[in-house]
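As structure tokens, the structure follows; a few thoughts come after it.
The values are calculated or read from the model by the stated rules, or taken from the named source; none is laboratory data. What you see is a predicted model; the values in this text were computed from it and never measured. We place every Cβ from the backbone using ideal geometry, glycine too, and count neighbours over all the protein chains shown. These accessible areas exclude ligands, DNA and RNA; they are computed on the full protein's heavy atoms, side chains included. Shrake-Rupley method; radii C 1.70, N 1.55, O 1.52, S 1.80 Å.
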Amino acid sequence: VIHAAGMSPHMGDGEKIMQVNAMGTININEEFSDVMGEGGCILDVSSMSAYMAPEAVMPKGAYKYAVENKDKFYKKMMAWVNLFPKKLRSSMAYVTSKNFVVWYAKKCANLYGSNGIRVLSVSPGNFNTPMGDAEKEEAVAYLKYAAINRLGDPDEIAYLFQTCVDERNSYLTGEDILCDGGIVSGKKFHH
């Protein structure tokens, strides 16, 4: 299962983004892991944005409730998002939900591994897609940090998804693969 559904900050308010990106990931992983057999793979799509906010400010203490109590998880995540001014809430919901997706895929790899199910995530950077077009201005601004100075092609990320879920990669689980043309690492070393 390749779970690529998601909303960017331009596509809805903080609540809607958290429902689709975080709660949607929980629901997909839970439902498909119940019916998947040995050799199955769930690939959750995150974003390079998961790496953009400092780890220390992410509400990681709330993440565990995704497994224990989904309602409590959602309330805690929204309480954190609502600490920010209204104009920043969709962006904070996006960054937080995508950071959560990376954590949750790793957690699910541990939960479902004994059933022979692999779980991992991919964090794409900026790609030439209709969703990417809505964020073109920001995407181009990030290129100053990129090792590969262009936007990604949809075929490139599709190939990565295909490769990750391929049974020949049966030892790959519990990891996030950042595919952003080097933007996140470039941002760390940019002067």
- Would you mind checking K75/K187; K70/K98; K60/K86; K86/K187; K72/K188 for any pair whose Cα atoms are more than 25 angstrom apart? K75/K187; K86/K187; K72/K188
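Using the Cα centre of the stretch 36-147 as the reference point, and only Cβ charges (+1 on K/R, -1 on D/E), how large is the resulting charge dipole? Debye, rounded to the nearest 20.
Its charge dipole is roughly 440 debye.
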- Given A146, T163, F32, which one lies farthest toward the positive end of the charge dipole of the chain, if we put +1 on the Cβ of every Lys and Arg and -1 on the Cβ of every Asp and Glu? A146
- Message: Whole-Hz ³J(HN,Hα) for each residue in the stretch 101-114, computed from phi via Karplus 6.51 cos²θ - 1.76 cosθ + 1.60 with θ = phi - 60°, x for glycine and proline: what do you get?
- Response: 4, 4, 4, 5, 4, 5, 4, 5, 4, 5, 5, 9, x, 5
- Quotient of Cα radius of gyration and Kirkwood radius for the stretch 132-191, i.e. Rg/Rh, equals 1.05
- Task: Would you mind estimating how fast the stretch 58-191 diffuses translationally, via Stokes-Einstein at 4 °C and 1.567 mPa s with the Kirkwood radius over Cα pairs, in µm²/s?
- Result: 77 µm²/s
- Message: Tell me the carbon and sulfur percent of the accessible area for the chain, rounded to whole percent, probe radius 1.4 Å.
- Response: 53 percent
- Item | Using a Förster distance of 22 Å, the FRET efficiency for N128-A4 (Cβ separation, nearest 0.05) | 0.90
- Message: Are there any trypsin sites (Lys or Arg not before Pro) in the stretch 17-118 that are in a DSSP loop and have at most 15 other Cβ atoms within 10 Å? List them by number.
- Response: K64
